[in-house]
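I have placed the structure first, in the form of structure tokens, so that the comments after it can refer back to it.
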Amino acid sequence: MSRRYLNLISLPDALATMRRAFPPGNHVETVPLHMAVGRVTAGPLYAECSVPWADIATFDGYAVRSEDTLGAGDQRPLPLADYAPINTGEVLPPSFDAVVMVEDTWDEDGSLWIRKSAAPWQHVRHAGEDIRAGELVLPKGHRIRPFDTGALATYGITRLKVRSVRVGIIPTGNDLVPLGVVPAPGQTVETNTLMADAYLTRMGATCRRYGITPDSPDLIQRALEDAMAENDLVILSAGSSAGSRDFSRDAVGALGEIIFHGIAVRPGKPVLLARIGGKPVLGMPGYPVAAQTILREVVGSLLAWWGLSPESGEELDVRLSRKLASDLGFDEFIPVSVGRVGGTCWATPHPRGGGIQMAVVRANGYIHVPAAREGIGAGEEVRVRLTVPPERIARTLICTGVRYPALNELANCLSDAGYMLHCCNASTIGSVLALRAKACHTASICIPDTGTAWNDLVLRYLPGVDLLRVQVTRTELGIASRESLDAGTVESLRFINRPKGSSARIFLDAWLEGRGVDTGRLTGYEHEVRTPEAVTNAVSSGFADAGVCPAGAARAAGLRFTPLGHESCDLLVREDLAGVVGVADLIRAARSPEFQEQLRSLERHRAGRAGDKSL
């Protein structure tokens, strides 16, 4: 039986409540200097010694008295009667106040001559010139950088106090398997604690990951008790939702006080905050992207409140490439890819959802839609928080449209030239409209090799625009089935279908029409899936008898294949952008023999992995 959330509060209220409940404490530890990078200083650091500790030479040469060199020049060299050889960094001997570089002197019959006069304290570093003993080196709250360690060592600091928060992270769930174990159907590799450890450690926390705890209130409670004794903050991964197997709330409630359960944020709504023995316990969602949101917006906020250093990200004002809907009352965080097309930076959203990890991997930033907004219009200016250095945006190419696998290999080719290809999923019409608005560098389309598809799906939406069409792949499509197709029994088959407008749907409709089959009487015709793998899985599992997919997918699944036609997967580029640096590299890479050979090699590799399965 599912349970309702205790409450659902706004994100700002949740953060304010959390900060009131858990004020900053005295979380400090002493670490050796070589382990201090990334940590935050718990107090000011002062130099233990002056640097340099005495007056020293800055060049190899001779220590002299400046008054003895007056009048020396190229036309009037002078011999020196009193001097001392000296090397860089050596202490200036008493009674001398300058250094003459060795190249401004020469030896003649055992006497040292100079051709330049020396000013007082020339080429001399005074004692304490870099820093004096007792002078401030780093203030309290400074995040130590790699180059800081060299200075600290020079100034006599070998151990230092840093802010310390010990975080225990407990994964829960019967479906979880450890890293390195291939999951069976219905199982999931446990990755949230790995991700949380990496993120929070970079903030300066000290994390400990515990073993997987099954879905049992007693076992979760026992794991919590152990972790609470060893840490300042404990995070429960998964089990905080309202399903019949979500026991985090029960376990936490048995040990302490629930502060809130549920935040109006997407993804990440089922987050729980409690207090046990004065310490915070946070239950975060199991879906990876939802967990990322809570780590960044909630856990990160608490650790920053406690004095650790939050992950910094540059912000950039950009234009949104397409309309984005959002529910009132929910703060929503959406991954986007940002690229500069012409003189304008555009952000293109990726698919939303707490479990779609590749959306975050493919993105280079995210936007925050506040709870008071009901979406954002196409072309509207928005602020993006970048997840990459800002200089990378100028070398990012945005491809909007069908994200077919060959584009991943094309991105590999472009990376050698220093460019990042970001592929953002959209319908064929959506990608063409983005190209028309100059909101992307290229559009990827997959259309059936028929005479009318190009005119119907492309040209009528781009009247008067000169286009360059670059074919990337040509794929054979057909019907995958476990048994051979008999024209007389087609109406009795259960189909799995692809979305309207897709090449697979167009070919299937033409094939059915040619056989006089009424699609309205066809079982499963309205049941659409988005990927070829979903088609072969449905047929292989017996959920459906037939569906359209590429020939390679059918072979890999060991299914029979009835050819229907070919689909052309192309890149469209506006002629006025084709010569732009980066776009020209993209076109060149897509047309290169090396890229085409790479695609053939991958196809042979996939065929080999599929084995010699009888079709």
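The values are calculated or read from the model by the stated rules, or taken from the named source; none is laboratory data. What you see is a predicted model, and the numbers here were worked out from it, not measured in a lab. All Cβ positions, glycine included, derive from the backbone under ideal geometry; neighbour counts span all protein chains shown.
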(request) Assess whether D60 counts as being surrounded by 14 or more Cβ atoms within 10 Å (Cβ to Cβ), among the charged types (D, E, K, R) and either touching a residue at least 12 places away in the same chain (Cβ under 8 Å) or not assigned by TED's automatic domain parsing to the domain that holds A264 (or both). (result) yes
(request) Write out, first by first residue and then by second, each pair whose Cβ atoms fall under 7 Å of each other, whose residues are 6+ apart or on separate chains, and whose first residue, in the stretch 185-204, is in a helix (DSSP H, G or I) while the second is of a type in the set (D, E). (result) R202/E311; M203/E311
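Would you point out the residue of the stretch 436-458, among those that are out of contact with any helix residue (DSSP H, G or I) (no Cβ under 9 Å at 6 or more places or on another chain) and either modelled with pLDDT of 70 or more or buried (at least 21 other Cβ atoms within 10 Å of the Cβ) (or both), that is farthest from L572 (Cα to Cα)?
Taking the candidates together, the pick is A437.
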(request) Restricting attention to the stretch 561-615, report how many residues are out of contact with any Gly (no Cβ under 7 Å at 6 or more places or on another chain), under 22 Å from R482 (Cα atoms) and modelled with pLDDT of 85 or more. (result) 2
(message) With more than 21 Å from the chain's Cα centre (by Cα), free of Cβ contacts under 8 Å to residues at least 60 places away in the same chain and closer than 22 Å to V341 by Cα as the only criterion, which of R392, R403, R436 stands out?
(response) R436
(message) What's the number of the only condition in (1) outside any helix (DSSP H, G or I); (2) loosely packed, with under 15 Cβ neighbours inside 10 Å; (3) assigned by TED's automatic domain parsing to the domain that holds K140 that D74 fails to meet?
(response) (3)
(message) I need the full set of residues from the stretch 34-52 which are among the hydrophobic types (A, V, I, L, M, F, W, C) and either over 11 Å from Y155 (Cβ atoms) or under 42 Å from the mean Cα position of the chain (by Cα) (or both), in order please.
(response) M35, A36, V37, V40, A42, L45, A47, V51
(message) Quick check on the stretch 259-282. Is at least one of its residues over 26 Å from T191 (Cα atoms), hydrophobic (A, V, I, L, M, F, W, C) and touching a residue at least 40 places away in the same chain (Cβ under 8 Å)?
(response) yes
(message) Just checking, does the stretch 329-340 include any residue being acidic (D, E), surrounded by 18 or more Cβ atoms within 10 Å (Cβ to Cβ) and not in a loop (DSSP other than H, G, I, E, B)?
(response) yes
(message) Among the residues in the stretch 482-502, are any closer than 20 Å to R530 by Cβ, over 38 Å from the mean Cα position of the chain (by Cα) and at pLDDT 85 or above?
(response) yes
(request) From A119, A133, A198, grab the single residue that is surrounded by fewer than 17 Cβ atoms within 10 Å (Cβ to Cβ), under 21 Å from V289 (Cβ atoms) and of a type in the set (G, A, S). (result) A198
(request) Name the residue, out of A151, A127, that is surrounded by fewer than 20 Cβ atoms within 10 Å (Cβ to Cβ) and outside any loop (DSSP other than H, G, I, E, B). (result) A151
(message) Can you confirm whether Y366 is assigned by TED's automatic domain parsing to the domain that holds V265, closer than 30 Å to A21 by Cβ, crowded, with 20+ Cβ neighbours inside 10 Å and among the aromatic types (F, W, Y)?
(response) no
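Residues are listed down the side, and each one gets a yes or a no for (1) crowded, with 23+ Cβ neighbours inside 10 Å; (2) of a type outside the set (D, E, K, R); (3) at positive phi:
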| residue | (1), (2), (3) |
| --- | --- |
| R163 | yes, no, no |
| P185 | no, yes, no |
| T213 | yes, yes, no |
| Q221 | no, yes, no |
| E230 | no, no, no |
(message) I'd like to check something: does the stretch 29-43 contain any residue that is part of a loop (DSSP other than H, G, I, E, B) and closer than 30 Å to Q122 by Cα?
(response) no
